[in-house]
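The values are calculated or read from the model by the stated rules, or taken from the named source; none is laboratory data. This is a predicted model, so every value here is computed, not measured. Note: ideal-geometry Cβ built from the backbone for every residue, glycine included; neighbour counts use all protein chains shown. Calculation scope for accessible area: heavy atoms of the full protein, side chains included, ligands and nucleic acids excluded. Shrake-Rupley method; radii C 1.70, N 1.55, O 1.52, S 1.80 Å.
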Amino acid sequence: MSTAWTPQDWKSKPIVQDVIYEDQAHVDRVLNKLTRLPPMVSASEVDNLRRQLKDAALGESFLLQGGDCAELFDYCSQEPIEAKLKVLLQMSLVLTWGARTPVVRIARMAGQYAKPRSSPMEMHEGKEIHSFRGDNVNGYDPSDRKPDPERLLGAYFHSAATLNYVRTLLDSGFADLHEPSKWNLSHVRSENVKREYEKIVQQLTDSLDFMKTIGADNGNTNALHSVDLFVSHEALLLDYEASLTRLITSPTTKEKKWYNTGSHFLWIGDRTRQPDGAHVEYMRGIENPIGIKVGPSTVPEELVNLLNTVNPKKEIGKVTLITRFGAEKVEKYLPQHIEAVRQSGHIPVWVCDPMHGNTKTAASGNLKTRHFVDIIQELSQTFRVHKDCSSKLNGVHFELTGDSVTECIGGSMDLRDTDLSTNYQTHCDPRLNYEQSLDVAFLIAKYYEN
Ligand code: PEP
Ligand code: MN
C-alpha cells in the first residue's frame, strides 16, 4: 500500500461519467450510512481470489467471468439468482473439463448496477431526459430518471441480499452438478452440433462417474459439491466504492491494507481508464484484484503506464486485462498489447470479452444486438493471436443471463433477427441466453481439445 493513499484521493482528479445530484446533503447522509454498514466480503476471500488469479495469470487455471450488463434491483429474487448461478456453474464444468484446468468463477453480480453512458441525456417524446445510468442512480422508467441518492443504499442492500442467497445456495449443495446427462440440449437445431455436444456431455458424465467410483468425490473438501464463486462489478460510482473501502489487516501479509468490502473484484471500464483520472486513482489504492478493459483506443504505452500505476510491484495476477476489440480488430490490436505488456515485465490475467466490441443495431428495428458468430470469431481469434505471440489466453468475460431471453442473434438455437422482439429484456447491452451461454462453453472446450 502506498502510505499516502486514501479512498477519497480521487476527488482531486478529473472525473468522467460523474453523477450530479440535486441535494448534496442527502448524498452525504447516505454515504455516511454506507460507511457504517458491514462489509459484504472479507479480506481473506479477496486474498484467496488474488491467489487464484495468480494461478490463472500463470496459465494454471482459467477464469470465467459473466453476468448481466446492468443488474437490476428486480433481479434480486430467487429465480433469476438461481438461473444465473446454474448457467455459470454449468459453463464452468464444461470449461474445467475442456481446458483440463481448474476454473476461477467470478460473477458480474451482487453490485453490477452502475452503467457508463455515451451521453448523460437522451430524447424521450420530444423532451430531453437523463439517460438511464443503472438502478443505483435512477430508474429505467422515463418518469424516474432524476438521480436519487437513496438508490446507493438500495444498491448495498440488494447486493447484500443477492450475495447472501448465492452463499446459501453454494453452502447447500447447489453446485452439485453431477448430472450433466440431464442437461436439456433440445434447443440445438443442427444434428451435427447436437451430436458433438452429446459427445462432450457423455465424456463429462463418464469422468464424473469414474471419480465417484474411485471415491475421489467423497469427503468434506470435495470440489464437486461445493465451489468458490466470487462477485464483481464495474467500479464506476466512486463515492459508493470509497464508502465501502476499509482499512483491514491482510490475513496473508498481516499488514493493514485498503480493501473494497463491497465486492471481491472490481474493474475499470473502457470509458473511465484515463491514466490521470479519478477512477484509476481510486483503483490503484485497493488490495482487491482489479480488471482493466482494453479496447482499440488503448495505446500500448498508455496501457503499460496504467499497469505501472495500479500495480507498481508487478504482482502477478493483481490485474486482469479484459480485451474487447471486436471480431474485426483483434488481429490488428492484440499483438501490440501483448508485446508491450511482455516487455514491461507485468504478468496479467489475459481475458477476452467478445461482447463489447461486437454490438450492432438489429436490421429489424433499433434494438441493440450481438451476433453469435462475431462473438465466437473474436474468441477464437483471441485464442489464436495469444498462441501466435507465445502468450496464453487465461479467461473469458461474457454478458449472459440464465433466462431464455432473445437478445443475441444465432447460436445453436439459431435465433434470428426477427426473433429478437420475442423476449428482449435487457435495459442495457444484449446478453447471451442460457442456451447460447452453454454453446459458448462447449465451443471453448472444443478449442482446447484441438
Ligand atoms: C460493460 O462491461 O458493461 C461495459 C460497459 O464494457 P466496456 O467498458 O468494455 O465498454
Ligand atoms: Mn455491457
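General remarks:
- Taken over segment 95-136, the residue count meeting the criterion of being more than 16 Å from ligand 1 (Cβ to nearest atom), in contact with a Ser or Thr (Cβ under 6 Å, 6 or more places away or on another chain) and within 27 Å of Val440 (Cβ to Cβ) is 5.
- Residue match in segment 353-363 (condition: of a type in the set (D, E, K, R), open to solvent by less than 10 Å² (accessible area, probe 1.4 Å) and either assigned to a helix (DSSP H, G or I) or within 16 Å of ligand 2 (Cβ to nearest atom) (or both)): yes
- Listed conditions (1) open to solvent by less than 50 Å² (accessible area, probe 1.4 Å); (2) more than 27 Å from Arg324 (Cβ to Cβ); (3) in contact with a strand residue (DSSP E or B) (Cβ under 8 Å, 6 or more places away or on another chain) are all met by Ser42, apart from (3).
- Counting only helices (runs of 4 or more DSSP H) wholly contained in segment 1-114, the ones carrying 2 or more residues that are over 24 Å from Arg246 (Cβ atoms) and not aliphatic (A, V, I, L, M) occupy 78-99.
- Condition met for Ile290 (in contact (Cβ under 8 Å) with a residue 12 or more places away in the chain, within 16 Å of ligand 2 (Cβ to nearest atom) and not polar (S, T, N, Q)): no
- Between Leu93, Leu88, the distinction of being open to solvent by less than 20 Å² (accessible area, probe 1.4 Å) and among the hydrophobic types (A, V, I, L, M, F, W, C) belongs to Leu88 only.
- Only helices (runs of 4 or more DSSP H) whose full extent lies in segment 203-321 are considered here, and the ones with at least 3 residues that are over 23 Å from Arg108 (Cβ atoms) are 300-310.
- All positions within segment 44-88 that are of a type in the set (Ser, Thr, Tyr) and away from ligand 2 (no atom under 16 Å from the Cβ): Ser44, Ser61, Ser77
- Annotation note: Cβ proximity below 7 Å between a residue of segment 63-76 that is open to solvent by 10 Å² or more (accessible area, probe 1.4 Å) and a residue that is charged (D, E, K, R) and more than 11 Å from ligand 1 (Cβ to nearest atom) (sequence gap 6+ or interchain) occurs for Leu72/Asp135; Phe73/Asp135.
- Tabulated pairs, segment 420-439, first closer than 30 Å to Ser181 by Cβ, second hydroxyl-bearing (Ser, Thr, Tyr) and more than 16 Å from ligand 1 (Cβ to nearest atom), C-beta under 6 angstrom, 6+ apart or interchain: Thr422/Thr406; Asn423/Thr406; Asn433/Ser404; Asp439/Ser412
- A Cβ distance below 6 Å, combined with a sequence gap of six or more or placement on separate chains, defines the contacts here; from segment 21-47, residues that are under 15 Å from Arg151 (Cβ atoms) reach residues that are in a helix (DSSP H, G or I) and aliphatic (A, V, I, L, M) in the pairs Tyr21/Val27; Val30/Leu152; Val30/Leu153.
- Residue tally, condition under 23 Å from the mean Cα position of the chain (by Cα) and away from ligand 2 (no atom under 16 Å from the Cβ), over segment 336-352: 8
- Subset of segment 249-265 [buried (at least 22 other Cβ atoms within 10 Å of the Cβ) and touching a helix residue (DSSP H, G or I) at 6+ places or on another chain (Cβ under 7 Å)]: Tyr259, Asn260, Gly262, His264, Phe265
- Here the condition is being more than 16 Å from ligand 2 (Cβ to nearest atom) and in a loop (DSSP other than H, G, I, E, B); of Gly326, Gly402, it holds for Gly402 alone.
- Failed condition for Ile409, given (1) assigned to a helix (DSSP H, G or I); (2) closer than 25 Å to Arg195 by Cβ; (3) open to solvent by less than 40 Å² (accessible area, probe 1.4 Å); (4) more than 16 Å from ligand 1 (Cβ to nearest atom): (1)
- For segment 329-352, the set of residues classified as open to solvent by 30 Å² or more (accessible area, probe 1.4 Å), part of a helix (DSSP H, G or I) and not aromatic (Phe, Trp, Tyr) consists of Glu331, Lys332, Pro335, Gln336, Glu339, Arg342, Gln343, listed by residue number.
- Selected residue (criterion: farthest from ligand 1 (Cβ to nearest atom)) from residues of segment 415-448 that are open to solvent by less than 10 Å² (accessible area, probe 1.4 Å) and aliphatic (A, V, I, L, M): Ala445
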